[in-house]
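Read the structure below first, then the notes.
Nothing in this text is a laboratory measurement; each read-out follows from the coordinates by a stated rule. If you're wondering where the values come from, they're calculated on a predicted model, not measured in any experiment. No Cβ is skipped: glycine too gets one built from the backbone with ideal geometry, and neighbour counts run over all protein chains shown.
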Amino acid sequence: MPERLARHTLVWLSAHADWRADVAAQEPRLAAWFAQGLPAMVARRAADDPDSRLRLGVPLPPCEGKQRLALRVPLQDVQRRQAPPALSDILAAGVCPAWQAPLHALATLAPARVFGAFAWQHVTGLPYVHDRSDIDLLWEVPDAARADALVTRLRAWEAQHPQRVDGELCLARGAAVNWREYAGSSRQLLVKRLDGAALEARHRLFEGSGVAA
């Protein structure tokens with residue numbers, strides 16, 4: 001079975017990578033992006049997608065209209081891959097004053113990785129974060145008890161800070177669920193995987209861990 005890279009993985013392509021944009025008119029901008037040595041991010045694909053190539057996304061900075069460029073590339077053309085940056089790395093690099101205290105408080109709740117605007121600004125050095133930015137985080141939650149405890153702490157954090165935190169609770173086998181959806185009372189939740197997304201019963205989310213949700 002070919003290797004499967006997790007969603008949100010950052011990848012740098014080889015100089016002669018055989019990539020193709022989903023929209024041909026976006027290829028010049030993507031070519032300029034990769035010529036600068038900048039990465040793309042592994043994206044979710046449809047469950048019935050017959051194309052075996054890796055699906056990637058490049059979100060452009062807000063100054064370029066917040067466009068998200070999509071492309072495909074053979075896996076063998078990936079030269080380097082890297083997990084999304086840790087929240088601790090974002091803090092060590094420095095953030096705007098308005099986010100310093102909120103992010104330090106977030107970092108005490110649970111280890112997290114960052115995607116979205118804060119991650120792209122950290123990786124590329126380009127201006128993605130603005131006054132109305134949210135932060136997008138990924139948390140590993142091996143069982144329902146830890147997921148429930150984290151959601152309680154996130155709600156308390158939001159009650160104390162004006163900023164907004166979005167993100168996903170990462171489950172077993174590459175699955176993930178939005179933390180706000182999990183915090184609700186719905187019996188079915190949208191579970192995202194590399195090969196698509198589908199509604200699944202809440203009580204089955206942690207079946208692999210032996211602990212029910």
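Do any trypsin sites (Lys or Arg not before Pro) in the stretch 54-99 lie in a DSSP loop with no more than 14 other beta carbon atoms within 10 Å, and if so, which? Intermediate values should be presented prior to the final figure.
Details: sites: ARG55, LYS66, ARG68, ARG72, ARG80, ARG81; in loops: LYS66.
For trypsin sites (Lys or Arg not before Pro) across the stretch 54-99 that sit outside H, G, I, E and B with at most 14 neighbouring Cβ atoms in 10 Å, the list reads LYS66.
Can you give the Rg/Rh ratio of the stretch 36-109, where Rg is from the C-alpha atoms and Rh is the Kirkwood radius?
Working: Rg = 16.4 Å, Rh = 15.3 Å.
Taking Rg over the Kirkwood Rh, I get 1.07.
So what are the chain's ellipsoid semi-axes, whole angstrom, largest first, if each one is the square root of 5 times an eigenvalue of the alpha-carbon gyration tensor?
Numbers: eigenvalues 171, 111, 39 Å².
Equivalent ellipsoid semi-axes, largest first: 29, 24, 14 Å.
Please state the charge dipole magnitude for the stretch 1-129, taken about the Cα centre, from unit charges on C-beta atoms (+1 on K and R, -1 on D and E), reported in debye and rounded to the nearest 20. Show your work: numbers first, answer last.
Values: 14 positive and 10 negative charges, 31 e Å.
It comes to approximately 140 debye.
Using Cα springs under 10 Å in a Gaussian network model of the chain, which residue among ALA40, ALA101, ALA119 shows the largest mean-square fluctuation?
ALA101
Under a crude label model (7 Å from the Cα following the beta-carbon direction), how far is GLU158 from GLU200 in nanometres?
Distance between label points: 2.3 nm.
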